[in-house]
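The values are calculated or read from the model by the stated rules, or taken from the named source; none is laboratory data. Computed from a predicted structure; not experimentally measured. Cβ coordinates were reconstructed from backbone atoms using ideal geometry, including for glycine residues, and neighbour counts include every protein chain displayed. We work out accessible area using only protein heavy atoms, side chains counted, and drop any ligands, DNA or RNA first. Shrake-Rupley method; radii C 1.70, N 1.55, O 1.52, S 1.80 Å.
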Amino acid sequence: MSLFKRGEKAYLLLADGTIFEGLHFGIKGTAIGEVVFTTGMTAYQETMTDPSYYGQLVTQTFPLIGNYGVNQADNESTQSYISGYIVREWCDTPSNFRMEGDIDSFLKEQNIVGIYNIDTRRLTRIIREVGVMNGVITTEDVYAKKEELLTQVKRYVIQNAISTVTGKKLRTYSNHNPRYRVALYDFGYKRNIREELVKRSCEVIVLPAETSAKELEKLYPNGIMLSNGPGDPTENQRIIQNIRDIVKLDIPIFGICLGHQLMALSQGCRTEKLKYGHRGANQPVIDLNSHRTYVTSQNHGYAVVGDSLDPNIGCVSHINANDQTCEGIRYHNINAFTVQFHPEAHGGPLDTAYLFDEFVAVMEKEKEKLCH
C-alpha cells in the first residue's frame, strides 16, 4: 500500500473558490454536495451508510480509511446516500476476518465519486473556521469549468431529504416472543436502532415517515421511536404537525437526533444550523441530572435552541460539553424524552445505551397500568 497510488486526477472545489487537487477512487464523474467532516477513527462503513449524510460530501479526518475493508453486516441502511467521499489515504490492501471487499469497490457499487491524496487537515480547518459550505468533487478539468461549477455549487440546496431516504412501506422485525411493540418512524433510521430494540424483546414496526397518527393508533404500539435522519428539520412541517397529533395518543416516545429536533419543533422550540456540526464518535455530553459526562456518537448539523424551550413544557436534560448546545430534552406533561446524540452508537462508544433500557422501562410501566 502506498499513499501515492497512481491514479487519475480528481479535484475538490469549494464554494469560496478553493481548489484541492488529488486522485480519484470510486466512480468517475462530478458530485455536488455540502462538505462536512467526521472525526471517527473507525466505523467509516457505518458513516457511508448512515442516511443522515444524504446530500453531503463526507470528509474523514482520520488519515487512513479502509484498512479493515467492508462487509454487508455493518451497513446501517440498504444503500449509501452520501454525495461524495473525501479521504487522505484509502487502504488498497485491507485485512480483517469479516471483510468482504475494499472501500474502492464499495464506492463503485454505490455509484459514488471519491477523492483521496488531499490535505484533509487543511480542509477541516477551513470548514471549522468558515463554516460548512457547498463543494464539488469532479474528475473533469476543474480549471476549465470552474465558473460553471461554482454557479452550480452555490445554488445547491439539500431538498426532499426525508422523503428520499424513508422506506415506502411498513416492515416488521422481531425475535421470538417479543414483549413490546415499538413503532419506529423512519426518517432515515440507522439499522442498529432497530437492533437495540429487538435485543430488548421489542417487535419493531418500521413506518414510512409520513404515517399518520390515525394509522399509527391502529397498530396498538407500546412505544414510539422517532429516528435520526437528514436535512433541515424545519422543512418537514407535515411531519411536525403529525407529531403534535401523535403526542395526544399518550404513548411513550423516544426521539433520536432528527427525531429529537422534530419533537422539539412540534412543542414550540426553535432549531439552528451549527457552524460545522457535530460528527464523530468522540463528542462529550453532560447529563444535567447526574452531572456525568458521556462520550457519544453524533452526526448532525442542526441543534435545538435550548432557551426556546418553554419550561412549563420540558427541560434540557443534556448539553454538549464543547459548545453547551442542547443534547436532550425531557418533557413534563408528555410521555417523551429525546436526545441529540446516538445511543445505539454503531460504531462508537456504548456509554448511553442505557437510554434504550429506560425506554423499555417506561413501556413496561405503561403496560402494568393497563393491567390494573
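Against the chain, whose longest principal axis comes from its Cα atoms, helix 146-155 is set at around 10 degrees.
Less than 13 Å Cβ to Cβ from Glu76, Lys/Arg counted +1 and Asp/Glu -1: what total charge do the surrounding residues give? After counting each charged neighbour, the total is -4. Computed from Cα atoms, the angle from the helix 354-371 axis to the main principal axis of the chain rounds to 30 degrees. Within the chain, antiparallel bridges make up roughly 60 percent of the DSSP beta bridges whose residues both belong there.
Given a cut-off of 19 Å, name the pairs among Lys146/Lys275; Lys108/Lys154; Lys168/Lys199; Lys9/Lys108; Lys248/Lys273; Lys214/Lys248 whose C-alpha atoms lie farther apart than that in the structure shown. Long pairs (Cα-Cα over 19 Å): Lys146/Lys275; Lys108/Lys154; Lys168/Lys199; Lys248/Lys273.
Anisotropy class assigned to segment 287-372 is oblate, per the alpha carbon gyration tensor with a/c at or over the 1.5 cut-off and a/b no larger than b/c. Between Phe187, Phe341, Phe359, the GNM of the chain built on Cα springs shorter than 10 angstrom shows Phe359 fluctuating the most. Comparing Gly84, Gly268, Gly314 in a Gaussian network model of the chain (Cα springs below 10 Å), the most mobile by mean-square fluctuation is Gly268.
Measuring nothing but protein heavy atoms, the accessible surface of the chain at 1.4 Å probe radius is 47 percent carbon and sulfur.
If you take the alpha carbon radius of gyration of the chain and divide it by 2.2 N^0.38 Å, what ratio comes out, to two decimals? Numbers along the way, then the final one.
Values: Rg = 20.9 Å, N = 372, 2.2 N^0.38 = 20.9 Å.
For the chain, the normalised Cα radius of gyration comes out at 1.00.
Put simply, when 255-262, 348-355 are sorted by average Cβ atoms within 10 angstrom per residue, most first, you get 255-262, 348-355. Taking every protein chain into account, the accessible area of segment 30-160 amounts to 43 square angstrom per residue (probe 1.4 Å).
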